[in-house]
1. Identify the residue in the stretch 176-231 that is at positive phi and touching a residue at least 40 places away in the same chain (Cβ under 8 Å) and, among all such residues, is surrounded by the fewest Cβ atoms within 10 Å (Cβ to Cβ).
2. From the list ARG9, ARG57, ARG23, exactly one residue is on the phi < 0 side of the Ramachandran plot, within 12 Å of ligand 1 (Cβ to nearest atom), assigned by TED's automatic domain parsing to the domain that holds CYS204 and in a strand (DSSP E or B). Which is it?
3. Kindly indicate the residue of the stretch 143-173 that is acidic (Asp, Glu) and at pLDDT 90 or above and also farthest from ligand 1 (Cβ to nearest atom) among those meeting that condition.
4. Quick one: how many residues across the stretch 165-199 are under 23 Å from LEU43 (Cα atoms), of a type in the set (Val, Ile, Thr) and assigned to a loop (DSSP other than H, G, I, E, B)?
5. Taking the criterion of being of a type in the set (D, E, K, R) and in contact with a Phe, Trp or Tyr (Cβ under 6 Å, 6 or more places away or on another chain), would at least one residue in the stretch 169-182 satisfy it?
6. Among the listed residues ALA230, ALA234, ALA246, ALA224, which satisfies the condition of being under 18 Å from ASP18 (Cα atoms) and more than 16 Å from ligand 2 (Cβ to nearest atom)?
7. Going by the structure shown, is ILE33 closer than 23 Å to ALA178 by Cα, among the aliphatic types (A, V, I, L, M) and touching a helix residue (DSSP H, G or I) at 6+ places or on another chain (Cβ under 9 Å)?
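The values are calculated or read from the model by the stated rules, or taken from the named source; none is laboratory data. These numbers were taken from a predicted model, which means no experiment stands behind them. Reconstructed Cβ throughout: ideal geometry from the backbone, glycine too, with neighbour counts over all protein chains shown.
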Amino acid sequence: MIEVHDLHRHFGGFRAVDGASVRIETGSITGLIGPNGAGKSTLFNVIAGVLPPTSGRVVMDGEDITGLPPHELFHKGLLRTFQLAHEFSSMTVRENLMMVPGAQSGETIWKTWFQRGRIAAEERTLRRKADEVLEFLTIRHLADELAGNLSGGQKKLLELGRTMMVDAKIVFLDEVGAGVNRTLLMTIADAIIRLNKERGYTFCVIEHDMDFIGKLCDPVIVMAEGKVLAKGSAQDIMKNEAVIEAYLGT
Ligand code: ADP
Ligand code: MG
């Protein structure tokens with residue numbers, strides 16, 4: 001589904017991504033691991049249109065999507081979450097979900113004026129959808145909480161919830177488990193598995209926690225110094241000598 005061909009992203013003379021080629025199969029939960037500074041987030045940013053590549057191509061379902069801006073990728077169903085969650089802290093959890101662009105039908109001001117009844121109906125639909133999403137993520141009880149009051153882990157769940165307000169096909173998660181307690185991490189893992197199995201989402205997940213990766217991801221891609229070092233099942237990856245060396249070397 002997503003093919004990355006010989007991708008480079010340099011910052012001045014520094015090669016953050018240095019000729020990486022990656023395939024993410026439709027329906028997979030693909031893991032992306034590697035030591036700090038390996039270029040994982042930069043690779044995500046290029047795929048998701050946040051950064052232009054220095055060279056190389058990104059192809060989605062046979063279509064060249066290299067350098068398309070995030071909102072166009074969003075409409076193609078390609079979404080990314082950020083290493084640091086970026087919720088609207090003074091709005092409630094439910095309102096945060098209802099705000100997701102593309103969830104509303106995007107009426108003009110005139111239509112809004114003439115079709116107030118329809119807008120109200122649409123708002124009820126959105127509200128119901130938001131509550132279903134919260135139910136799915138097991139945080140329905142937080143619907144009226146201000147997003148700013150959520151714990152780090154709950155904010156990550158909210159991030160995941162935002163992808164469920166639109167019809168995402170492939171979701172890139174950058175360190176969704178960072179700073180999250182064990183219980184919540186497993187809730188997040190379950191939500192990812194269910195989204196994958198029940199709704200057909202494809203995921204690419206950057207994560208340091210190897211339990212999480214092992215439980216969730218097949219295959220796992222390992223990056224080091226801007227390059228792809230290995231790809232395989234979590235078990236194989238952990239026995240791979242080049243991989244062990246890359247981690248010990250940092
Ligand atoms: P990872 O996510 O694997 O930890 P990153 O992709 O964030 O790694 O970073 C890879 C390397 O690129 C790091 O050495 C980082 O300092 C560098 N880098 C990332 N973004 C920039 C930037 N905007 N300007 C300069 N260097 C950057
Ligand atoms: Mg990173």
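1. Just the residues of the stretch 176-231 that are at positive phi, to begin with: 179, 200, 225-226.
Still in the list and also touching a residue at least 40 places away in the same chain (Cβ under 8 Å): 200, 225-226.
Details: GLY200: 11, GLU225: 17, GLY226: 23.
Among them, the one singled out is GLY200.
2. Going through ARG9, ARG57, ARG23 in turn, the sole match is ARG9.
3. Within the stretch 143-173, the subset acidic (Asp, Glu) is 144-145, 159, 167.
In the following step, the residues that additionally are at pLDDT 90 or above were identified as 144-145.
Values: ASP144: 35, GLU145: 30 Å.
Here the residue is ASP144.
4. 1
5. Narrowing the stretch 169-182 to residues of a type in the set (D, E, K, R): 169, 174-175, 182.
Going one step further and asking which of them are in contact with a Phe, Trp or Tyr (Cβ under 6 Å, 6 or more places away or on another chain), we end up with 174.
Within the stretch 169-182, one or more residues are of a type in the set (D, E, K, R) and in contact with a Phe, Trp or Tyr (Cβ under 6 Å, 6 or more places away or on another chain).
6. Details: ALA234 fails: under 18 Å from ASP18 (Cα atoms); ALA246 fails: more than 16 Å from ligand 2 (Cβ to nearest atom); ALA224 fails: more than 16 Å from ligand 2 (Cβ to nearest atom).
After ruling out the rest, the residue left standing is ALA230.
7. Working: closer than 23 Å to ALA178 by Cα: yes; among the aliphatic types (A, V, I, L, M): yes; touching a helix residue (DSSP H, G or I) at 6+ places or on another chain (Cβ under 9 Å): yes.
Yes, satisfied.
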